[in-house]
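The values are calculated or read from the model by the stated rules, or taken from the named source; none is laboratory data. Since we're looking at a predicted model, the values are computed, not measured. In this analysis, Cβ positions are derived from the backbone assuming ideal geometry, glycine residues included, and neighbour counts consider all displayed protein chains. For accessibility, only protein heavy atoms count, side chains too; no ligands or nucleic acids. Shrake-Rupley method; radii C 1.70, N 1.55, O 1.52, S 1.80 Å.
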Amino acid sequence: DAGITQSPRHKVTETGTPVTLRCHQTENHRYMYWYRQDPGHGLRLIHYSYGVKDTDKGEVSDGYSVSRSKTEDFLLTLESATSSQTSVYFCAITTGEGYGYTFGSGTRLTVV
Amino acid sequence: SQQGEEDPQALSIQEGENATMNCSYKTSINNLQWYRQNSGRGLVHLILIRSNEREKHSGRLRVTLDTSKKSSSLLITASRAADTASYFCATDSAGTALIFGKGTTLSVSS
């Protein structure tokens, strides 16, 4: 979607390796989110950020860390990838509480 | 923790028919939102209804909210093949990120 991009779009990695996914926005929105989408589970929140250097954990944060050093970038790191982290990862942004989210196109990650 | 639950999980209709999807949730909310996801794509925001609203329209979409029953419905009128997608409800409660349901998969055949 315009204003938010995720990279890479696809990645295959080996178990035990660190992986970083990037979310970049040009909307200057304060709030950014990382979700994962798995069959039968819908979307589940991993981490979110409400400003530069302000982050918090979501429902499924174990094994993930995030960083936000600039308004426009929100990085998701899998510290040591496991097969259970094979998923589609979505980044979302919003201008504030009570507004709709804009989602990126997703990153399909496969851990082998 | 899943807040919203959509019903049915899957729905198949013919072009021109109406499609109705329901969402139930568990705790109090500030607003409820509906999103569409086409295969292999990100979610797209469709409509937001606040807790003090009962009904909202946007084009061929009609959303209702019943806070006493903790439920919402999304009606798509005169469905088209292009409406084929998954539809998700998401609840917005104070101080939290959106919590999504598992979605309804809609298939519209011509």
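Some values worked out for this structure:
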{"read-out": "Given (1) in contact with a helix residue (DSSP H, G or I) (Cβ under 9 Å, 6 or more places away or on another chain); (2) on the phi > 0 side of the Ramachandran plot, number of the condition B:ALA78 does not satisfy", "value": "(1)"}
{"read-out": "Subset of the stretch A:69-84 that is in contact with a strand residue (DSSP E or B) (Cβ under 7 Å, 6 or more places away or on another chain) and open to solvent by 10 Å² or more (accessible area, probe 1.4 Å) - its residue that is modelled with the lowest pLDDT", "value": "A:GLU79"}
{"read-out": "Members of the stretch B:26-69 that are assigned to a loop (DSSP other than H, G, I, E, B) and more than 13 Å from chain A (Cβ to nearest Cβ)", "value": "B:LYS26, B:THR27, B:SER28, B:ARG54, B:GLY59, B:ARG60, B:THR67, B:SER68, B:LYS69"}
{"read-out": "Strands (runs of 3 or more DSSP E) within the stretch A:33-82 that include 3 or more residues touching a Ser or Thr at 6+ places or on another chain (Cβ under 7 Å)", "value": "A:42-51, A:64-70, A:73-78"}
{"read-out": "Residue list for the stretch A:27-55, restricted to those being open to solvent by 20 Å² or more (accessible area, probe 1.4 Å), within 9 Å of another protein chain (Cβ to nearest Cβ) and without any contact (Cβ under 8 Å) to a residue 12 or more places away in the chain", "value": "A:GLY40, A:HIS41"}
{"read-out": "Test: residue in the stretch B:72-93 that is open to solvent by less than 20 Å² (accessible area, probe 1.4 Å), at pLDDT below 95, part of a loop (DSSP other than H, G, I, E, B) and within 11 Å of chain A (Cβ to nearest Cβ)", "value": "no"}
{"read-out": "The stretch A:85-112 - residue that is in a loop (DSSP other than H, G, I, E, B) and more than 10 Å from chain B (Cβ to nearest Cβ) and, of those, surrounded by the most Cβ atoms within 10 Å (Cβ to Cβ)", "value": "A:THR86"}
